[in-house]
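> Have a look at this one.
The values are calculated or read from the model by the stated rules, or taken from the named source; none is laboratory data. What you are looking at is a predicted structure, and each value in this text was computed from that prediction instead of being measured. In this analysis, Cβ positions are derived from the backbone assuming ideal geometry, glycine residues included, and neighbour counts consider all displayed protein chains.
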Amino acid sequence: MKTVYNIPFKNIALLFVAAMFFSCNNTLKEVQDLDVGSHAPMSIAKNINTKYTDSGRLTSILISPKMLNFTNREFPFYEFPQGIDLTLFDDKMNKNTVTADKAIVYSKTDLIDLQGNVVLTTATNDTLFTEQLFYDQNKEWLFTNFPVKFRTKDYLTNGNGFDSNKNVTNAQVLEVTGRIFIDE
């Protein structure tokens, strides 16, 4: 007489299948996030030379070797990993220039983060040197908490932090650590 042990094997197989279903708890979004392409930039632009106008008046010129577009992210941004050279023109066509080793423009907050060897030079030749500078496009305000050197025609000021309006006509070095008056 032959005994068949089919029922326990079926139960064991069903137990393994049920365990597999309950052990998988990833949502579709988590699985999509594993895709390498979702972390890559949406587009890459090289050798940028962009002129912005407002009502027919030139307002700025942006030059950069490379721009990465990450607007496909939950918190969208544009990155300039090889630096920027930005020229800004006021209503009287006076120009201010900004250079930095890297820049990030956050789309949702309208905040620009300039990083590495940041140099801002005004039309009056006042110059700010720092390692990081933020520009709030909504408030039209420049600021940093990093160490700064701010040179004007009358003095050179060292400090920790900087606040200014966009035209650098209301500039203030915070926590002044030293000031040298220039007498020509």
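> So which pairs qualify, if the first residue must be in segment 166-182 and under 14 Å from PHE129 (Cβ atoms), the second must be at pLDDT 90 or above and part of a loop (DSSP other than H, G, I, E, B), the Cβ gap must be under 8 Å, and the two must be at least 6 apart or on different chains?
These pairs meet every condition: VAL168/THR122; VAL168/ASP126; ALA171/ASP126.
> Somewhere in segment 143-159, is a residue closer than 23 Å to LYS51 by Cα and either small (Gly, Ala, Ser) or surrounded by 16 or more Cβ atoms within 10 Å (Cβ to Cβ) (or both)? Quick ask: steps written out before the conclusion?
Restricting attention to segment 143-159, the residues satisfying the condition of being closer than 23 Å to LYS51 by Cα are none.
Scanning segment 143-159, I find no residue that is closer than 23 Å to LYS51 by Cα and either small (Gly, Ala, Ser) or surrounded by 16 or more Cβ atoms within 10 Å (Cβ to Cβ) (or both), so the answer is no.
> Within segment 73-86, identify whether any single residue is in contact (Cβ under 8 Å) with a residue 24 or more places away in the chain, under 18 Å from ALA171 (Cα atoms) and surrounded by fewer than 16 Cβ atoms within 10 Å (Cβ to Cβ), and answer yes or no.
Quick first cut of segment 73-86, residues in contact (Cβ under 8 Å) with a residue 24 or more places away in the chain only: 75-80, 83-84, 86.
Checking which are under 18 Å from ALA171 (Cα atoms) leaves us with none.
No, segment 73-86 has no match at all.
> Can you give me the number of residues within segment 131-184 that are at pLDDT below 90 and among the aliphatic types (A, V, I, L, M)?
Residues meeting the conditions: 2.
> If GLN115 meets every condition in (1) at negative phi; (2) touching a residue at least 24 places away in the same chain (Cβ under 8 Å); (3) in contact with a Lys or Arg (Cβ under 8 Å, 6 or more places away or on another chain); (4) surrounded by 15 or more Cβ atoms within 10 Å (Cβ to Cβ) apart from one, which number is that one?
Here GLN115 meets the rest and fails (2).
> Looking at TYR135, TYR106 in this structure, which one is touching a Leu at 6+ places or on another chain (Cβ under 7 Å), within 23 Å of LYS66 (Cβ to Cβ), without any contact (Cβ under 8 Å) to a residue 60 or more places away in the chain and surrounded by 13 or more Cβ atoms within 10 Å (Cβ to Cβ)?
Going through TYR135, TYR106 in turn, just one is touching a Leu at 6+ places or on another chain (Cβ under 7 Å), within 23 Å of LYS66 (Cβ to Cβ), without any contact (Cβ under 8 Å) to a residue 60 or more places away in the chain and surrounded by 13 or more Cβ atoms within 10 Å (Cβ to Cβ): TYR135.
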